[in-house]
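See below for the structure under consideration.
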Amino acid sequence: MAIQASRNGAGATCTGSTLADAPLVVGPYTLNSRMIVGTGKFENFDIMRAAHRVSESDMVTVALRRVDLKNPDNNILRFIDTQQMTILPNTAGCYSVAEALQVAELILELDLPKLIKVEVIGDQKTLMPDPLGTHEVTKKLAAEGWTCMAYCSDDIVLCKRLEEAGAAAVMPLGSPIGSGRGILNPGNIRLIKEAARVPIIVDAGVGTASDCALAMELGIDGILLNTCIATAKNPVAMAAACRDATRAGRTSFLAGRMEKRAYASASSPIKDF
């Protein structure tokens with residue numbers, strides 16, 4: 001994959017500005033977009049589908065516990081373009097290991113691939129993930145051949161343990177889910193990425209497009225967001241903004257930012273006239 005930068009207006013390409021970049025690979029899945037989107041909180045399925053299309057994302061996460069399988073007209077799976085997007089079932093709403101494993105069984109019953117976002121909630125008020133439950137589910141399902149993407153807090157050691165348990169990707173939160181507070185602990189995210197051998201995807205807390213750019217500039221592999229788009233005044237426009245910001249953040253990271261300096265440094269050489 002190549003990222004083409006432009007300069008001096010539309011259509012003017014700066015020589016040598018193409019930056020080589022590999023796609024995001026999670027287990028057997030290759031993703032050209034580094035932005036994964038969700039399905040919750042949209043006003044209706046038509047707006048959701050339009051936002052998905054504009055996002056150009058090729059993976060979408062779905063909470064299977066909330067899918068109305070008994071009512072085909074209200075089944076969210078009908079409104080997802082599976083030609084464009086891979087469905088990433090998740091265990092959102094599960095407060096125990098047993099509940100999360102039941103969702104895994106439902107995935108198999110629906111004849112979906114063994115791909116899952118592991119999410120076990122540990123606290124009802126804050127919705128913070130349960131580290132022990134998440135680790136247990138990840139270890140069990142990974143041993144059974146599942147591609148597990150594990151959602152967790154931004155704890156450096158926990159992320160390492162989830163990778164050791166078999167997670168194909170580790171997904172530390174930027175801030176509490178649905179809070180829109182952005183990336184609260186960029187230092188931890190950098191350290192998590194530095195130590196990881198699997199993709200690191202920031203999940204939860206993104207509030208606006210600039211949060212996407214900031215996250216990607218940390219060098220992470222991808223970002224997952226839902227509430228940011230779904231609850232915007234114009235979800236389709238926000239999806240486009242987050243798409244572009246994610247790409248810009250990734251390009252900025254690959255380009256390599258300047259060093260921060262304690263003192264000023266003239267941008268133009270000082271010469272005698």
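The values are calculated or read from the model by the stated rules, or taken from the named source; none is laboratory data. What you are looking at is a predicted structure, and each value in this text was computed from that prediction instead of being measured. Neighbour counts are summed over all protein chains in view; Cβ atoms, including those assigned to glycine, are modelled from backbone coordinates with ideal geometry. Heads up: the accessible areas ignore ligands, DNA and RNA and are worked out on the full protein's heavy atoms, side chains in. Shrake-Rupley method; radii C 1.70, N 1.55, O 1.52, S 1.80 Å.
Below, the figures for the structure above:
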quantity	calculated
Calculated [θ] (222 nm, deg cm²/dmol) that DSSP helices of n ≥ 4 give over the chain, each run adding -39,500 (n - 2.57)	-10000 deg cm²/dmol
Placed amide H near I36: partners under 5 Å, 5+ positions off or other chain	I223, L224, L225
The chain: equivalent-ellipsoid semi-axes (sqrt of 5 x gyration tensor eigenvalues, Cα, Å)	34, 22, 17
Karplus 3J(HN,Hα) series, Hz, for the stretch 85-94 with 6.51 cos²θ - 1.76 cosθ + 1.60 (x for Gly, Pro)	10, 7, 7, 10, x, 10, 9, 4, x, 8
Interchain or long-range residues, amide H under 5 Å from V118's placed H	M149, A150, Y151
Gaussian network model of the chain, springs between alpha carbon atoms under 10 Å - residue of A98, A240, A51 with greatest fluctuation	A98
Estimated vicinal HN-Hα couplings, Hz - the stretch 170-180 in sequence order (Karplus 6.51, -1.76, 1.60; Gly, Pro = x)	10, 10, x, 6, x, 6, x, 4, x, 7, x
Cα-centre dipole for the stretch 54-102 with unit charges at Cβ (Lys and Arg positive, Asp and Glu negative), debye to 20	220
Sorted peptide list for 182-192, 216-226, 56-66, criterion being average Cβ within 10 angstrom, highest first	216-226, 56-66, 182-192
Highest-MSF residue in the chain out of Q83, Q124, Q102 [GNM, Cα springs under 10 Å]	Q83
Amide H contacts under 5 Å for L31, placed H, 5+ residues apart	L24, V25, V26
Nearest-10 value in Å² for the accessible area of K139, using the 1.4 Å probe	120
Amide N of the stretch 145-179 lying under 13 Å from the label point, which is placed 7 angstrom from the Cα of L191 along Cα→Cβ	154-160
Cross-link reach list, lysines versus K41, counting only Cα pairs under 29 Å and skipping chain neighbours closer than eight places	K70, K114, K117, K125, K233
Inter-label distance for D111 and L184, nm, one decimal - labels placed 7 Å from Cα along Cα-to-Cβ	4.4
Carbon and sulfur %, accessible surface of the chain computed with the full protein complex present, 1.4 Å	51
Per-selection Kirkwood Rh - the stretch 121-203 (Cα, Å, 1 d.p.)	12.7
Prolate/oblate/rounded label for the stretch 156-273 (Cα gyration tensor, a/c 1.5)	oblate
Rounded accessible area per residue of the chain, 1.4 Å, Å²	52
Antiparallel DSSP beta bridges within the chain, as percent of all bridges there, nearest 5	25
